[in-house]
Amino acid sequence: MTEPGGTASGTPRNIKLRETVLSVADDQPTFWNKVEAGLWEPETLALIDQQITPGTTFLDLGAWVGPTALYAAARGARVIALEADPVALDQLRRNLAVNPALAQRIEVLARAVHATEGRVTFGARRKPGDSMSSVLLAPGAVTWVAEAITPAALAARIGAEERLFIKIDIEGGEYELLPAMRPLLERPECRVLLSLHPGILATVLPGAAQREAATRRALEAFAGFNAHALAPDQWLFVRTRATSC
């Protein structure tokens with residue numbers, strides 16, 4: 001299948017992500033056309049340029065097909081990429097296979113980051129792999145189950161002296177997750193790029209007061225951080241002290 005303006009789905013192609021040339025072999029030609037045109041999350045890419053250096057551990061929560069994981073690896077980071085959507089996970093692995101030098105820096109976990117251990121049900125409005133699957137959309141027309149990993153278990157994989165940068169883009173799952181993030185957020189010099197999804201939250205909390213309370217509770221996790229607005233519903237949080245929150 002070929003999408004307008006793209007190559008056949010799954011056919012390897014080279015793309016330019018800012019000044020970095022990558023190969024991709026997923027089923028997202030329209031997305032990568034947008035990337036090459038400079039129209040996909042320029043604030044995110046600029047932040048990675050500013051914040052990620054060799055010696056940084058980039059924890060990519062919601063890696064999808066790998067744009068930020070690959071870009072952070074190209075900047076010299078060690079990357080731990082989590083993806084719970086099986087279709088996106090397959091495409092992520094294909095993209096790593098055609099970037100073997102970067103793949104050496106990237107550890108992929110087929111897990112959903114969640115406050116508790118066990119299994120988590122996901123749903124999608126359209127189809128798996130579309131970057132918008134969420135725990136808040138289950139039950140739905142399309143659902144699946146993923147194994148969970150907790151923030152504490154992730155923290156155990158990261159050395160105490162590693163400089164940690166966390167990207168959280170999990171389509172509404174952040175509201176329940178953030179209160180459990182302390183094992184990661186208490187790390188010295190921790191930085192977090194957070195995307196909020198109030199539209200998805202509204203599917204389960206239709207009342208404005210309920211959504212405000214859920215958002216306020218989630219953001220309490222960032223006590224002791226400086227907050228910087230990057231784009232609507234996207235924030236950078238930077239720790240201001242090294243002691244535990």
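The values are calculated or read from the model by the stated rules, or taken from the named source; none is laboratory data. Just so it is clear, the structure is predicted and the values come from calculations on it, not from any experiment. Don't worry about glycine lacking a Cβ; one is built from the backbone with ideal geometry, like all the others, and counts go over all protein chains shown. Just the protein is used for accessible areas: all its heavy atoms, side chains included, with ligands, DNA and RNA removed. Shrake-Rupley method; radii C 1.70, N 1.55, O 1.52, S 1.80 Å.
Structure values in brief
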| read-out | value |
| --- | --- |
| The stretch 183-235: radius of gyration over Cα atoms, expressed as a fraction of 2.2 N^0.38 Å | 1.27 |
| Residue among 149, 168, 158 with the largest mean-square fluctuation in a Gaussian network model of the chain, springs linking Cα atoms under 10 Å | 158 |
| DSSP beta bridges in the chain [antiparallel fraction, %, rounded to 5] | 55 |
| Global form of the stretch 1-114, assessed from the alpha-carbon gyration tensor, a/c cut-off 1.5 | oblate |
| Probe 1.4 Å, accessible area per residue of the stretch 89-234, Å² | 48 |
| The chain - percent of accessible surface contributed by carbon and sulfur, probe 1.4 Å | 53 |
| Of every Cα-Cα pair in the stretch 150-200, the percent that sits beyond 12 Å | 64 |
| The chain, relative contact order [Cα under 8 Å, separation at least 6], % | 14 |
| Sorted peptide list for 129-138, 66-75, 28-37, criterion being average Cβ within 10 angstrom, highest first | 66-75, 129-138, 28-37 |
| Exposure rank, largest accessible area first [157, 211; 1.4 Å] | 157, 211 |
| Residues in the stretch 69-86 reached by a label modelled at residue 147 [backbone nitrogen below 17 Å; 7 Å Cα→Cβ] | 81-86 |
| Among 173, 123, 140, residue whose mean-square fluctuation peaks in a GNM of the chain (springs only between Cα atoms under 10 Å) | 140 |
